[in-house]
Amino acid sequence: MTTLQAQVKNSKWFVNRIQKDASPLLRDILNHPETYRYQVIYTKIDRDRKNRPSFKNYYLNVDADRYFNPASMVKLPVALAALEKLHTLKPPIAPTATMLTDSSRKGQTAVTKDSTAANGMPSVAHYIKKIFLVSDNDAYNRLYEFVGQKWLNEMLWKKGYKNQRITRRFVPMTPEENRYTNRIRFMDGQKLLFAQPAAYSDLVFDFSKKIEMGVGHWDKDDKLIQQPMDFTQHNNSPLEDLQQMLQSVLFPESVPAQQRFALDRQDYDLLYQSMSEKPSESRYPAYDTTEFFDSYTKFFFFKDGKREIPEHIRSFNKTGWSYGFLTDVCYIVDFKNDIEFMLSGNIYVNSDGILNDNKYEYVELGYPFFREIGEIVYQQELRRKRNHRPDLSKWRLQYD
């Protein structure tokens, strides 16, 4: 493996384990870290006699300064922020309350109904479910409207996630337009519970570090620009932050109190089910499983070849994909073999160096990378000895 910069985190044991068991395809990827920009974190979980978990991270080419486009990964912090913000309102609002979005500015659309919701009306809970099951962009945009650019980023920074930068919706807008958010109303039938006025974010971001990718890109007018694409003002969400956020939700007491999100039991139950439910199990929304197959958002292990997810395995995760970048941050539970661990990773697969052309090697290289890394770690988990087998009934209850 090529020698990397000093700030890159590599755990010798983990690097050697992956290299030893890698196929020729995976080994070729591993030998070109500057090309594929991959990063992997394996989180080993051990339990004590009282079933209390402890965590140890192992790293492969992890570098917070190596930019990757997080794409839909920013939906994770936005979903968590939306649930936390509901508790700050006076009075606090339940995540199932109807959430109506008004059109406060030209070019921004209102939302007053959602035919895919159980009662035909949108809510924070409904948007969160859509975010995790199929990575729905509109659902993210609506929660971005609610939390607002300024409140969202300042909240994340206060929790210690200093490198988080969430500046935009997933719809064509200028940086300035993304600072504005629409009026939001929460309703109980015809009764107004809370009204949030349209707002403007005056938050100052540090854009001093220039971030450019590729050798060319297609612009919004479908014109090929023969120069790198500028990501300087795009969203940023380092892999270690994402791993820590997921851990803070699944195991709140395992992280410092400052890093936890202010959630209650109802919030956690919603997140656990939404993160691990399969599209075929969902009634509201109901999904066409030929398009949204069960492993649609499960990169580690399953999306390569559209593999079926065994009944005894659940992946609590969030994925993102765009511009040739693939990312998955997950917690794997195997009820049959009493196994649990976390895996977080990303890779860049764009051989021609042209961005925004929808020509990326997701199928040829990206999904096989996640499958094989996952399989190597899973086999390691099957072999390793534990002083205490984990009691995983907490997670099984989500589906009983």
Relative contact order computed over the chain (Cα-Cα under 8 Å; 6+ residues apart), in percent: 19 percent
Alpha-carbon centroids, the range 307-341 and the range 229-281: separation in whole Å: 14 Å
Two-site FRET efficiency, GLU34 against LYS162, from Cβ-Cβ distance with R₀ of 41 Å, rounded to 0.05: 0.95
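Put TRP151, TRP13 in order of accessible area, largest first, 1.4 Å probe: what do you get? Walk me through the numbers on the way to the answer.
Values: TRP151 80, TRP13 100 Å².
Per-residue accessible area, sorted high to low, gives TRP13, TRP151.
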Backbone N under 13 Å from the ASP21 label point (7 Å along Cα→Cβ), restricted to the range 370-398: 371-385
Residue among THR232, MET342, LEU326 farthest towards the positive dipole end of the chain, charges placed on Cβ: MET342
Whole-Hz ³J(HN,Hα) from phi, Karplus 6.51 cos²θ - 1.76 cosθ + 1.60, for the range 343-355, glycine and proline x: 9, 9, x, 8, 8, 10, 10, 8, 5, 8, x, 9, 9
Among beta bridges that DSSP assigns inside the chain, antiparallel share in %, nearest 5: 95 percent
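If R₀ is 35 angstrom, what is the calculated FRET efficiency for the pair THR109 and GLU364, using the beta carbon separation as r and rounding to 0.05? Working shown, then result.
Details: r = 37 Å, r/R0 = 1.05.
In this case the efficiency is close to 0.40.
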Probe 1.4 Å, protein heavy atoms only - accessible area per residue of the range 211-315 in square angstrom: 47 Å²
HIS87, HIS217, reordered so the largest accessible area comes first (probe 1.4 Å): HIS87, HIS217
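Can you pick out the pairs among LYS50/LYS158; LYS44/LYS210; LYS85/LYS336; LYS159/LYS278; LYS129/LYS306; LYS191/LYS394 whose Cα atoms lie more than 28 Å from each other? If you can, show how the numbers build up before the last one.
On the way: LYS50/LYS158 32 Å; LYS44/LYS210 35 Å; LYS85/LYS336 38 Å; LYS159/LYS278 31 Å; LYS129/LYS306 21 Å; LYS191/LYS394 37 Å.
Table pairs above 28 Å Cα-Cα are LYS50/LYS158; LYS44/LYS210; LYS85/LYS336; LYS159/LYS278; LYS191/LYS394.
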Accessible carbon and sulfur surface of the chain relative to its total accessible area, %, 1.4 Å: 48 percent
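What order do LEU224, LEU355 take when sorted by accessible area (1.4 Å probe), most exposed first? Mind showing how you got there, number by number?
Numbers: LEU224 65, LEU355 0 Å².
Largest accessible area first, the list is LEU224, LEU355.
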Nearest-10 value in Å² for the accessible area of ASP206, using the 1.4 Å probe: 110 Å²
Over the range 46-191, relative contact order from alpha-carbon pairs under 8 Å, at least 6 apart, %: 25 percent
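Ratio of the chain's C-alpha Rg to 2.2 N^0.38 Å, to two decimals? Please report the intermediate quantities before stating the final value.
On the way: Rg = 20.9 Å, N = 400, 2.2 N^0.38 = 21.4 Å.
Computed over Cα atoms of the chain, the ratio equals 0.98.
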Inter-label distance for LYS336 and LYS210, nm, one decimal - labels placed 7 Å from Cα along Cα-to-Cβ: 5.4 nm
Net charge over other residues, Cβ less than 13 angstrom from the Cβ of PRO33 (K, R count +1; D, E count -1): +1
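When the dipole is taken about the Cα centre of the chain, and only Lys, Arg (+1) and Asp, Glu (-1) are charged at their Cβ, what size is it in debye, to the nearest 20? Walk me through the numbers before you get to the answer.
On the way: 57 positive and 51 negative charges, 254 e Å.
In debye, rounded to 20, the chain gives about 1220.
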Percent RCO, i.e. relative contact order, over the range 225-381, from Cα pairs under 8 Å lying at least 6 residues apart: 17 percent
Between the range 362-379 and the range 66-100, the alpha-carbon center distance in angstrom: 30 Å
Relative pair counts by distance (%), Cα atoms of the range 255-393, 5 Å bins: 2, 9, 16, 19, 18, 16, 12, 6, 2, 1, 0
Anisotropy class of the range 251-295 from Cα gyration tensor, a/c 1.5 cut: prolate
Surface per residue (accessible, 1.4 Å probe) for the range 1-149, Å²: 41 Å²
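The values are calculated or read from the model by the stated rules, or taken from the named source; none is laboratory data. As the structure is a computational prediction, the values presented were derived from the model and not from experiment. Quick reminder, even Gly has a Cβ in these numbers, built from the backbone with ideal geometry, and neighbours come from all protein chains shown. Heavy atoms of the whole protein, side chains included, go into the accessibility calculation; ligands, DNA and RNA do not. Shrake-Rupley method; radii C 1.70, N 1.55, O 1.52, S 1.80 Å.
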